[in-house]
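All remarks here apply to the structure that follows.
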Amino acid sequence: MRLVAIKNITGVIRLRSGLHIGASKDNIEIGGMDQPIIKDPVTRAPYIPGSSLKGKLRSLLETSVFMKNPDTRKFVVQGSPCKCGKKSCPDCTIFGSHATPQECDEDLGPTRLLVRDACLTDEYRTLFVNGLLPMEVKTENIIHRVKGVAEHPRPLERVPAGTCFTMNMAFRVYEGDSENLLSYVWQGLKLIELDALGGGGSRGSGQVVFENLQVDGNPVDLEGIRAF
Ligand SMILES: [Zn+2]
């Protein structure tokens, strides 16, 4: 399987609402809040892990696009990633198959999409370093059904709306790959814009927009991409 090209996908992820990508419980500071966001261990700057972005791309594509295909629908219904492992499956080809070699003997080659961690853009990194980008603490409650009052407040840390991160992905093209594979990535980004990143998406968190999207320096018009 011959590698033909590695396409460089760049862009800016702008937050339209506060973003909460939770840190593991191991990283909670003494006296800190119990729902902190993930931060760079050295600079303490917030970032979007590539795994979060890639995972969201994959799950949204599977639950929308792949529900239409009987071969892949069964995995989505089970709640697991697609593991058909077939060359004809854009999901397994782009993101990697979860199938063991015994289950499927087709050679998909390496995972096509590499999603790098998205760090603050230069502008927002400067603000952060100078103490001008404080993280938001949003309190969420449960409304008592009889009294109609908010109870059990839970502080949730979020990166404030408006903050921008630099997006960077690499897309490998192998000999024989369909030209449509890359368009699945655009479709996935469009689905994220219609959905959310991180936690609390159904309660307003994590609305994002992808700006200045380019592949190898050429603009990509996400507006013109159909999500479904
Ligand atoms: Zn598959």
So which residues in segment 105-121 are in a loop (DSSP other than H, G, I, E, B), modelled with pLDDT of 95 or more and farther than 15 Å from ARG172 by Cα, if there are any at all?
ASP117, THR121
Residue ID - farthest from the chain's Cα centre (by Cα), chosen from residues in segment 78-125 that are surrounded by fewer than 21 Cβ atoms within 10 Å (Cβ to Cβ), more than 8 Å from the ligand (Cβ to nearest atom) and basic (Lys, Arg):
LYS87
Hey, LYS74 hits all of (1) assigned to a helix (DSSP H, G or I); (2) over 27 Å from GLU193 (Cβ atoms); (3) touching a strand residue (DSSP E or B) at 6+ places or on another chain (Cβ under 7 Å) but one; which does it fall short on?
(3)
Working only within segment 57-71, note down all residues that are part of a helix (DSSP H, G or I), out of contact with any Gly (no Cβ under 8 Å at 6 or more places or on another chain) and not aromatic (Phe, Trp, Tyr).
SER59, GLU62, THR63, SER64, MET67, LYS68, PRO70, ASP71
I'd like to verify a number: residues in segment 172-187 that are crowded, with 16+ Cβ neighbours inside 10 Å and more than 18 Å from ASP107 (Cα to Cα), how many?
5
Quickly run through segment 59-74 and pick out the residues that are surrounded by 20 or more Cβ atoms within 10 Å (Cβ to Cβ) and within 9 Å of the ligand (Cβ to nearest atom).
GLU62, PHE66, THR72
Search result, residues across segment 186-228 that are within 17 Å of ALA170 (Cβ to Cβ) and assigned to a loop (DSSP other than H, G, I, E, B):
ASP216, GLY217, VAL220
What number of residues within segment 152-192 satisfy the criterion of being free of Cβ contacts under 8 Å to residues at least 60 places away in the same chain and touching a strand residue (DSSP E or B) at 6+ places or on another chain (Cβ under 6 Å)?
2
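The values are calculated or read from the model by the stated rules, or taken from the named source; none is laboratory data. Please read all numbers here as calculations on a predicted model, not as lab measurements. Positions of Cβ are generated from backbone atoms using ideal geometry, with glycine treated the same way; all protein chains shown enter the neighbour counts.
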